[in-house]
1. If you count, for each residue, the other Cβ atoms within 10 Å and average over each peptide, how do A:77-90, B:6-19, A:35-48 line up from highest to lowest?
2. Shielding of A:118-130 by partners, i.e. mean partner chain Cβ atoms within 10 Å per residue?
3. Based on the Kirkwood radius over alpha-carbon pairs, what value in µm²/s does the Stokes-Einstein equation return for the translational diffusion coefficient of the range B:2-77 at 25 °C and 0.890 mPa s?
4. Based on alpha-carbon positions alone, could you give the equivalent ellipsoid semi-axes of the range A:6-151 from the gyration tensor, as √(5λ), descending, whole Å?
5. Could you work out, residue by residue across A:137-150, how many beta carbons of other chains sit within 10 Å of that residue's beta carbon, and then give the average as an integer?
6. Tell me the angle of helix A:107-124 to the major Cα principal axis of chain A, expressed in degrees between 0 and 90 and rounded to the nearest ten.
7. So what does the Cα-only Debye profile of the protein assembly as shown read at q = 0.11, 0.16 Å⁻¹, as log10 I(q)/I(0), no solvent term?
8. Go ahead and run the numbers for FRET between B:Ser21 and A:Arg107, Cβ-Cβ distance against an R0 of 51 Å, rounding to 0.05.
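Where a number appears in this text, it was derived from the coordinates with a stated rule and is not lab data. Here the structure is a predicted model, which is why all the values come from computation and not from measurement. With ideal geometry, Cβ positions are generated from the backbone for all residues, glycine too; neighbour counts draw on all protein chains shown.
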Amino acid sequence: MSPSGTVIRVQEADFDVGAEIAAVSDGQPSVGGVAAFVGLVRDIAGGAAVAAMTLEHYPGMTEKALAAIAAEARSRWPLDGVCIVHRFGRLLPGDRIVLVVTASAHRDAAFDGCRFLMDWLKTKAPFWKREETPDGDRWVAARSDDDRAAERWLATPAPLSEKAP
Amino acid sequence: MKLLYFAWLKQRTGISEETVSPPDDVRTVAALVDWLRLRGPGYADAFADLRPIRVAVNQEFAAFDSAIGPDDEIALFPPVTGG
């Protein structure tokens with residue numbers, strides 16, 4: 001855990017969800033809850049079988065973008081810890097792609113912060129997915145649903161309140 | 001200036017990264033793209049339609065009317081699809 005309580009990693013290797021959750025909350029008795037989201041490679045997309053997926057990213061900008069997204073989450077909710085791990089390279093169905101972990105005194109901040117991080121990451125971090133299908137390779141198109149999911153947070157001001165657990 | 005291309009823009013241009021010296025009157029991303037289109041069929045194909053293309057200047061999201069200079073790093077790519 002960094003002193004700031006934010007961990008950002010972009011890596012080819014898999015990650016250990018339990019270890020990352022422990023790193024965000026261990027030794028922090030003020031943490032009352034941890035929320036985590038893990039994104040996986042699906043074996044079907046748009047009606048086509050997906051044999052594998054390759055994730056490309058923009059080294060340098062990716063880390064900056066993820067750090068900015070984490071900072072935005074921390075400005076909106078009282079988070080004691082944030083962890084974002086995103087993989088790149090060739091992944092197979094069932095493989096883990098991304099992990100987002102948030103720790104807070106209360107569950108509302110942890111849940112909302114975790115969802116916010118995923119929604120913003122999907123539209124603001126420079127990653128691109130390419131799928132291998134029986135009809136050949138294809139780049140995944142951006143989804144308007146993802147844009148809407150990110151935009152709805154723009155209408156939601158930071159609820160930096162202390163709510164009952 | 002340093003240019004980077006990602007995803008299908010990299011495939012269509014056939015280049016992931018290059019250093020270019022466009023004329024002095026190329027002062028925005030839009031002018032840069034107009035100039036790049038003249039460099040060959042791969043570029044013309046990649047930049048035929050700007051609607052599905054996004055821009056970053058010095059690793060920050062930017063717009064086609066953003067100002068650019070010789071020392072800038074400009075990246076061109078499709079909308080992101082991570083997560």
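1. Details: A:77-90: 21.9, B:6-19: 16.5, A:35-48: 14.2.
Final packing ranking: A:77-90, B:6-19, A:35-48.
2. Details: counts 1, 1, 1, 3, 4, 5, 4, 4, 12, 6, 11, 5, 4.
Counting Cβ atoms of other protein chains within 10 Å of each residue's Cβ and averaging gives 5.
3. On the way: Rh = 12.2 Å.
It comes out at roughly 202 µm²/s.
4. Working: eigenvalues 159, 49, 37 Å².
After scaling each eigenvalue by five and taking roots: 28, 16, 14 Å.
5. Working: counts 1, 1, 6, 5, 4, 6, 2, 0, 0, 5, 1, 0, 0, 0.
Other-chain Cβ atoms within 10 Å of each residue's Cβ, averaged: 2.
6. Once rounded, one gets 40 degrees.
7. Calculated log10 I(q)/I(0) at the listed q: -0.65, -1.16.
8. Working: r = 55 Å, r/R0 = 1.08.
Once the sixth-power term is evaluated, E becomes 0.40.
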